[in-house]
Amino acid sequence: MKKITYVSLIILILSMLVACTNEKDDFARIHPNLLPSGDHRYSLHTVGKEITVDLLENHNITNVGPITNTSSYESLNEQYPKLELKKEPAFIVFDENGLVLKTYDYEEMIDFLQNPDK
């Protein structure tokens with residue numbers, strides 16, 4: 001009986017280790033269209049406030065693409081219910097592994113994109 005318990009425990013631990021080593025989150029696996037394109041480090045999805053490449057460049061941010069602007073958080077929640085957006089404006093940032101920032105604060109989003117290694 002002890003052998004069965006030990007083997008089960010080892011299998012459980014190994015399963016957890018394998019699951020933790022996969023860096024990509026559900027968004028990256030299920031919705032690769034949300035991820036950055038080309039040589040960009042991040043993609044940005046906004047709700048309720050239009051963000052443009054020019055606006056980001058004014059803040060010395062050049063590592064973002066694509067940028068998607070949506071008018072209502074309800075429509076984005078319908079597309080991606082796991083985002084669980086509560087209000088607008090909302091700013092959602094993804095890197096190649098998935099979701100890295102979800103905020104309702106414009107300045108927090110700008111700070112994150114300006115200082116990604118913080």
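The values are calculated or read from the model by the stated rules, or taken from the named source; none is laboratory data. Computed from a predicted model, the values in this text were never measured in an experiment. In this analysis, Cβ positions are derived from the backbone assuming ideal geometry, glycine residues included, and neighbour counts consider all displayed protein chains. Ligands, DNA and RNA are excluded from the accessible area calculation, which covers all protein heavy atoms including side chains. Shrake-Rupley method; radii C 1.70, N 1.55, O 1.52, S 1.80 Å.
Asn77 - would you say it is farther than 21 Å from Pro116 by Cα, modelled with pLDDT under 95 and not small (Gly, Ala, Ser)?
yes
I'd like to verify a number: residues in segment 87-113 that are in a helix (DSSP H, G or I) and open to solvent by 20 Å² or more (accessible area, probe 1.4 Å), how many?
5
Testing His40 on (1) open to solvent by 80 Å² or more (accessible area, probe 1.4 Å); (2) in contact (Cβ under 8 Å) with a residue 24 or more places away in the chain; (3) under 19 Å from Ile110 (Cβ atoms), one condition comes back false. Which one is that?
Exception for His40: condition (1).
Which condition number in (1) within 17 Å of Asp25 (Cβ to Cβ); (2) at pLDDT below 95 is the one that Ile92 fails?
Among (1) within 17 Å of Asp25 (Cβ to Cβ); (2) at pLDDT below 95, the lone unmet condition for Ile92 is (2).
Mind checking which residues of segment 38-64 are more than 18 Å from Asp117 (Cα to Cα), modelled with pLDDT of 90 or more and either among the small types (Gly, Ala, Ser) or outside any helix (DSSP H, G or I) (or both)?
His45, Thr46, Val47, Gly48, Lys49, Glu50, Ile51, Thr52, Asn58
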